[in-house]
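The values are calculated or read from the model by the stated rules, or taken from the named source; none is laboratory data. Not measured: the values here are computed from a predicted model. Cβ: placed from backbone, ideal geometry, glycine included. Neighbour counts: every protein chain shown. Protein only, heavy atoms only, side chains kept; ligands, DNA and RNA dropped before computing areas. Shrake-Rupley method; radii C 1.70, N 1.55, O 1.52, S 1.80 Å.
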Amino acid sequence: MAVIQFFTLVVESILWNALQELAQSGFAWGALLFGALQQWQFWAVAGVLLLLFGLCWWLWKRSQEVDGSSDEESSSSNGEQDDQEEQEHEEEQEEEDREEEDSDYESNLGRILAKRIQWPVQNLAYRSQIVEQLAGNILHVFQEHLTNSFFPVLQPAIKVGSTFEGWSPQEDDAVYCLLVPLKPPRGHVFHLELGNRGETPARNFCVRVDLECTCRREQLAGEMLCFIHHPEEGPRRNQNRSFLHTLCTGSYLDVQKTARWFQNFVRSASALLALPRCYNMTVLPSSRSCKLQLTNTSRRTLFIEIVFGVQQGNSDIFVSSQNTEAIFTPSTTWPESYAVAEAKFFRHMARQVPHDSFHLRCLQAYARILVGTGFSTYTLKTVVMHLLTTIPLSGWRRRHFVRRMEDIMQYLRRCLEEKRLDHFFFGNERVPEEIILPRDFQRAEPLNLFQHLVQDPAAHNEAMRQFDELQHQLIRLLFHRH
């Protein structure tokens, strides 16, 4: 730039001298300019000036390129890092967009498929209130009439089963099941004796009824002496025999006698029961429980089943009067029941899962398509309970409906292939802490509900065939509305 300024001054000096000479000679402006242009010094200096100007411009351009390249080299590591971060950010953004699109697609698909399934519209809150009211009235009448007797003491009923758990596939034919715990009468004690398991993994018990000494307790209360040390007292001896002869076979509590005793009392006390408004009650035949049918003026029916149980210690596990899968079950056999623990498990999950959780809908859908297959609802219920404790609870929302249905099917297939489905409460560390289990449950080996498939290859082949049918049933349910 300094060279250009120098030659500019030179040109200006030459032109200034030429103008002065021409002005002194008195020429006009046109002649002045013509004379100036004819001076050879002007053209020589102008040519040199143009060459130098071009050279300086090239050098300046080159220096700019060098400076730019040096700046790029000095910041190459930062530039590469920025480019990499920008690329990673773009990839993450694209991945998030794809996930959001997939989530929206799954959500819409789950919503559409859920609507295709005609869920039963159960007024569970209203019907549950009717059932609880009636059960409370029955137990209240029992307490009033049997307070001083030597029959079992009935405890408050516990709501169990699929209807109260919220996944019953039925509507009008839904059964509201209640378990009524039995406590031994005064002067008696219940001892649970584990029986033979037989061909199934279910554990069966017998309830032995023994006498216990109540001398000190009854003396302090000013009552009559106990059966053991004063068996000669006629009234008490007759009362003791009444209990043992009415409800026991030998020294063991009899399921069928207990059910018949309860049914007879309900029939005889029906006039004393405050039935729900507009309902009539009928006691249905049953050998191991008390089944009630309530019919209103619109001819709509409500079914209630009351089963009896004896608690194992202070746990949530009972032995109950429920029916077994065996062809013949002795009347003194009380199968082990996990119904109370299962109901408690689903109440626990209801407090943990998101508000739009579909875990009950998944179980309800499978319960509908099990009809006609060899799989029981208890099998699918066990599968769902296992998955609820292994899959994050946030993954049971509406938009995950299809994916969870597939998980349930895949889990069942794997169990069939391995011929093993572990019972949920035996040796399972994932059982919620609020569910109280007997100590031997925690130390026990897992109980295989598919043990019969190990022992019978033909049964296993049939189970695999029925699994394929179950898959077809699921497709028809989801996509063909029937």
### Query
Within segment 390-402, can one find any residue that is surrounded by 16 or more Cβ atoms within 10 Å (Cβ to Cβ), within 24 Å of the chain's Cα centre (by Cα), among the basic types (Lys, Arg) and within 30 Å of residue 311 (Cα to Cα)?
no
### Query
Could you say whether any residue in segment 342-354 is open to solvent by less than 20 Å² (accessible area, probe 1.4 Å), among the acidic types (Asp, Glu) and in contact (Cβ under 8 Å) with a residue 24 or more places away in the chain?
yes
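Residue-wise test of (1) over 20 Å from residue 415 (Cα atoms); (2) surrounded by 17 or more Cβ atoms within 10 Å (Cβ to Cβ).
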site: 426; (1), (2): no, yes
site: 432; (1), (2): yes, no
site: 436; (1), (2): yes, no
site: 439; (1), (2): yes, no
site: 443; (1), (2): yes, no
site: 449; (1), (2): no, yes
site: 452; (1), (2): no, no
site: 463; (1), (2): no, yes
## Note on the structure
Within segment 465-482, of all residues that are open to solvent by less than 70 Å² (accessible area, probe 1.4 Å) and hydrophobic (A, V, I, L, M, F, W, C), the one modelled with the highest pLDDT is 467
#### Entry: Per-region count, segment 318-361, residues in a helix (DSSP H, G or I) and at pLDDT below 90
1
## Note on the structure
Quick count over segment 140-170, residues being crowded, with 16+ Cβ neighbours inside 10 Å and either free of Cβ contacts under 8 Å to residues at least 24 places away in the same chain or part of a helix (DSSP H, G or I) (or both), is 6
## Note on the structure
Every listed condition ((1) surrounded by fewer than 19 Cβ atoms within 10 Å (Cβ to Cβ); (2) touching a Phe, Trp or Tyr at 6+ places or on another chain (Cβ under 9 Å)) holds for residue 267 save (2)
### Summary
Out of (1) in a helix (DSSP H, G or I); (2) at pLDDT 95 or above; (3) surrounded by fewer than 22 Cβ atoms within 10 Å (Cβ to Cβ), the one residue 368 does not meet is (2)
#### Entry: Scan of segment 281-310 for residues that are in a strand (DSSP E or B), open to solvent by 60 Å² or more (accessible area, probe 1.4 Å) and farther than 19 Å from residue 136 by Cβ, ordered by number
282
### Summary
Among 340, 353, 371, the single one that is touching a His at 6+ places or on another chain (Cβ under 8 Å) and of a type in the set (Val, Ile, Thr) is 353
